[in-house]
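The values are calculated or read from the model by the stated rules, or taken from the named source; none is laboratory data. On a predicted model such as this, the values are computed, not experimentally measured, just so you know. All Cβ positions, glycine included, derive from the backbone under ideal geometry; neighbour counts span all protein chains shown. Accessible surface areas use protein heavy atoms only, side chains included; no ligands, DNA or RNA. Shrake-Rupley method; radii C 1.70, N 1.55, O 1.52, S 1.80 Å.
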Amino acid sequence: MIIKPKLETDITKLYEKHWVNDFDEINTLFHKDEPKLCVLDSETTGLHIIKDKPFMWVFGWMLPKEKRTDEIKGRVFAFDSKAEILLQVIALTKKCVMTVGHNVKYDLHMLINGGISEKVVYGLKNITDTMGLCRFSFDAVSARDGGDVLGLKKVSEKYIDPKAGEFEKEVKKELRKINDAKRNILKELLKPYKGWGLGKIKEAYKVKKRNEMDYFTKEKKQRWLKVPEEIENVYFKWMEENPFADYSEVDRDIMMEYVHSDGIYTLELVEFTYPTVLKRKQKAILEQENKLIIELLKMERVGMKVDMPYLHSCFKKCEDEIQKLYEELWGIVGEYFTVSQGTVIADYFEKKLGERPETTDKSYLKKHKDDRVSQLITRLRRLEKWQSTYISRIIEVAQYDNHFYTQYGQFNTVSGRLGSDAQQFPKERILTEEGELYEKENGEGKAPIEYEIFSPRRAFIVEGGNYNKIAYFDLSQIELRAQANYTVLLKKPDLNLCRAYMPFKCTHYITGEEFRFDTKEERARWYEKKEDGTSVWLLENGESWTPTDVHSETSHNTLMALAFKCVDKYKQYEHEKESPVDEKSFKKFWRYIGKMFNFMRNYGGGAKKASEALEVSMEIANALVSGWSNTFPEVSYYQKQVAAKVQKNSYATNMYGRVYFLSNTDKAYKVGNYLVQGSCADMLKGYVIRIGEFLRENNCKTLPLANIHDELQFLVYKGEEWIFPHIKRIMEDVEWMQVPVVVDLEITETTWADKKEVQIKAA
DNA sequence: GCTGATGAAGG
DNA sequence: TCCCTTCATCAGCG
């Protein structure tokens, strides 16, 4: 059945839109057209990759160029989700050169949730994500700096059809109507209770945004409002009986008007981006990404098991602590407010100090850290953030089956890194005030468990049964190693940075040969030791090589720049006017700012920012700049070279062929970091593919579980510990890295928080 | 309602 | 010339 929707644009009218109940019409036309490019897109009940189901699909294609006319460019078919049709559609996609979807990994989840076996989906070979095509053909500018956001609506509106956003509006309107109707039920229910309307509920409980619509929660907002039990019962019961509406509740006739457009724009995006992808020679790296789609798909479906009772108990602890602190805060200030209300806080400080602060941000509060109000606000902001972002969110996501599922954004980032929400789980626990005091006196990590409010990583536990172990493979300081390697590749190796990771330009204590690192075998000798445990490689002064402590070195050179005299390196410094630096203050202060600045400067940071961020004088900040330059002269050279190259050519290419293109080269200085960050990201992506192959070839049941930038996690199947040395070998074997790559292994049989380091050798 | 600022995290 | 991100909340603007 051919659909003539009310809304058509110059772009969409060139596509024939069908609604079908079975496969016949699709099949007949497909064989008539013999397309090379097809699209698959799902409409689903929500965004949970395991719980939610597809209820409608769009399958379509673009006609081969020779078959197009002025009237028709392609065909799209919408149908209710049924496994039989999907299976036949999948068979057709295999006849195309390319099958695309926008964020296609999500649609692959929905194929599985729609009744297609995992085996069939995991076996798909010609899947390409149009988000990837966008990333590989757009400028390397992050969204923060005004670069493109890759959402289908945004991209199509900008590059394909200014009217692309119109289609969704009708459906959104309809969805809003349904949710409004549900909200009106609550309104009616609340009518008998004076003073407790919808507005008051919104003050008492947090209302989050889902699809730009109000999503009511059970989380407290303005905690001074005491909600009568009766009201709370009415409200909670309403929530249960009236769950937040999703697209499946929208009338099918209205859906039908719009579903085709997503498929059409996705096809159009291929036509728009693909020539640039080819021109920039991005086909090889695109194929890598395509392989990765399936590996990530598998990984996402494993999910991390969470300890729900623990989370619920932490929620309660957090809640009590927040309530307690708020009561103290309101008592002092004499007014009810929340800690994110900057104006109220500014009022307070204006009254107290006679001067109105411009901001009430973290740094302002830190300046008044002896003020109890300042302490309370700082602490409450942290607690509330943790409670809502970690505890509540994990509970919400994991409610379905006690697993936290994350989705990896494969093309979100400019550099090539994966994005995911698992990356922000704090490593450290949050303690009560007493606990923090205890640690101040007795050392970090020393506070006993009764002081602990919440340890995010404690919530993630092993699966159990035959999967009673999680292994974490972590790349040691990989970005700094890659940075060192880039100076080697530029034929100007940075002495200090290289010597942090290998005995660069050192000589053997017996043979006198210089350390070489051109081949794998030569490189592997960096670790060789004498019987007494010191390195066989000797520095110029005859001492055994020890890895340079790059942070101390920057601090040392900063002190030199400030005209300190070195009495004992890293330990004692004297000055004509300033007070001397002893070992303790070197460690606690100078090394700390040296470390912070090392990272800052690698990203292009300057003296002004350093002075602000590290809260030091401009004099010290300037000394850090020159201290850094003296410590890593060739890193400085590298940064200048890359920027100059980008100024000249408008692009640079990382170690895996990923191109960073800039139409406007004002921010060329950023590319130096893109190359380092992006090469490491592609390195990780490569591991995921290769380790996946290894596990398949050996019929392993161990499952890749998660990735966080420089770490890979595996859910280990009982008895398969033999693979650890192989994974380590795969990860440490990086063709282009002349600086040694080192991988550490940690294991837990209980929770993520309790992982312990294990020594192994690469196979 | 949308945007930008702010601030809590990860590397 | 401080890099890449995620997620939540609020003030200001239209």
Helical mean residue ellipticity (222 nm; -39500 (n - 2.57) per DSSP H run of 4+; nearest 500) of chain A: -14000 deg cm²/dmol
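Restricting things to Cα coordinates, could you compute the convex hull volume per residue of the stretch A:551-595 in Å³?
On the way: hull volume 2.4 nm³, N = 45.
Once divided by residue count, the hull of the stretch A:551-595 is 54 Å³.
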Normalised per residue, the volume of the convex hull around the Cα set of the stretch A:305-461 (Å³): 156
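Kindly report the accessible area of the stretch A:168-248 per residue (heavy atoms of protein chains, probe 1.4 Å, no ligands, DNA or RNA), in Å².
Working: 4790 Å² over 81 residues.
Ligands and nucleic acids excluded, the figure is 59 Å² per residue.
In square angstrom, what is the accessible area per residue of the stretch A:670-763 with a 1.4 angstrom probe? Show your work: numbers first, answer last.
On the way: 3610 Å² over 94 residues.
With all protein chains present, the stretch A:670-763 gives 38 Å² per residue.
Placing +1 at every Lys and Arg Cβ and -1 at every Asp and Glu Cβ, with all other atoms neutral, what dipole size does the stretch A:329-387 have around its Cα centre, in debye to the nearest 20? Walk me through the intermediate numbers first.
Numbers: 12 positive and 9 negative charges, 66 e Å.
Magnitude of the dipole: close to 320 debye.
So what is the relative contact order for chain A, in percent, with contacts set as C-alpha pairs under 8 Å and at least six apart?
Values: 1149 pairs, mean separation 93.2, N = 763.
Relative CO of chain A lands at 12 percent.
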Point-to-point label distance, A:M308-A:Y215, nm (Cα→Cβ direction, 7 Å offset): 1.9
Lys/Arg +1, Asp/Glu -1 at C-beta; the stretch A:168-248 dipole; positive extreme among A:Y247, A:L175, A:Y193: A:Y193
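What is the percent carbon and sulfur in the accessible area of chain A, measuring with a 1.4 Å probe over the protein chains and ignoring ligands? Kindly include the intermediate steps, with their values, before the conclusion.
Working: 18580 of 36590 Å².
Within chain A, the accessible surface is 51 percent carbon and sulfur.
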Hydrodynamic radius by Kirkwood, which averages 1/r over all alpha carbon pairs of chain A, in angstrom: 29.9
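Among A:29-36, A:348-355, A:401-408, how do they line up by average Cβ neighbours within 10 Å per residue, starting with the highest? Let's see the in-between values first.
Working: A:29-36: 15.6, A:348-355: 12.6, A:401-408: 18.0.
Peptide ranking by packing, descending: A:401-408, A:29-36, A:348-355.
Where the convex hull is taken over the Cα atoms of the stretch A:1-137, what is its projected area averaged over directions, in nm²? Display every interim value, and only then the final one.
Values: hull surface 35.6 nm².
Averaged projected hull area, Cα only: 8.9 nm².
Please give the per residue volume of the convex hull enclosing the alpha carbon atoms of the stretch A:414-545, rounded to a whole number of Å³.
On the way: hull volume 33.8 nm³, N = 132.
So the per-residue Cα hull volume is 256 Å³.
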C-alpha center-to-center spacing [the stretch A:394-449, the stretch A:678-723] in angstrom: 22
Among A:A91, A:Y106, A:T130 the positive-end extreme of the charge dipole of the stretch A:90-163 (Cβ point charges): A:A91
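Among all helices in chain A defined by DSSP H, which have a length of 20 Å or more along the axis from Cα atoms plus a Kyte-Doolittle mean of at least -0.5? Don't skip to the end; give the middle numbers.
Numbers: long enough: A:166-190 (36 Å, -1.10); A:252-279 (42 Å, 0.06); A:283-302 (30 Å, -0.03); A:308-333 (37 Å, -0.30); A:372-386 (21 Å, -0.75); A:633-649 (24 Å, -1.06); A:671-697 (38 Å, 0.24).
TM-like helix candidates: A:252-279, A:283-302, A:308-333, A:671-697.
How large is the dipole of chain A about the Cα centre if only Lys and Arg carry +1 and Asp and Glu carry -1, each at its Cβ, rounded to the nearest 20 debye? Please list the in-between numbers first.
Working: 119 positive and 120 negative charges, 201 e Å.
That gives chain A a dipole magnitude of about 960 debye.
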The stretch A:71-97 and the stretch A:254-326: distance between their alpha carbon centers, rounded to Å: 23
Summed residue charge, Cβ within 11 Å of A:G719's Cβ, Lys/Arg positive, Asp/Glu negative: +1
Selection from A:F30, A:F337, A:T406 lying farthest towards where the dipole of chain A points positive, charges on Cβ: A:F30
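Using the C-alpha gyration tensor of the stretch A:506-649, what are the square roots of 5 times its eigenvalues, in whole angstrom, with the largest one first? Intermediate values should be presented prior to the final figure.
Details: eigenvalues 197, 116, 27 Å².
The equivalent ellipsoid of the stretch A:506-649 has semi-axes of 31, 24, 12 Å.
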Probe 1.4 Å, accessible area per residue of the stretch A:475-577, Å²: 53
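Which values, in whole Å and largest first, are the semi-axes of the equivalent ellipsoid of the stretch A:580-687 obtained as the square root of 5 times each eigenvalue of the Cα gyration tensor?
Numbers: eigenvalues 193, 55, 24 Å².
In descending order, the three semi-axes are 31, 17, 11 Å.
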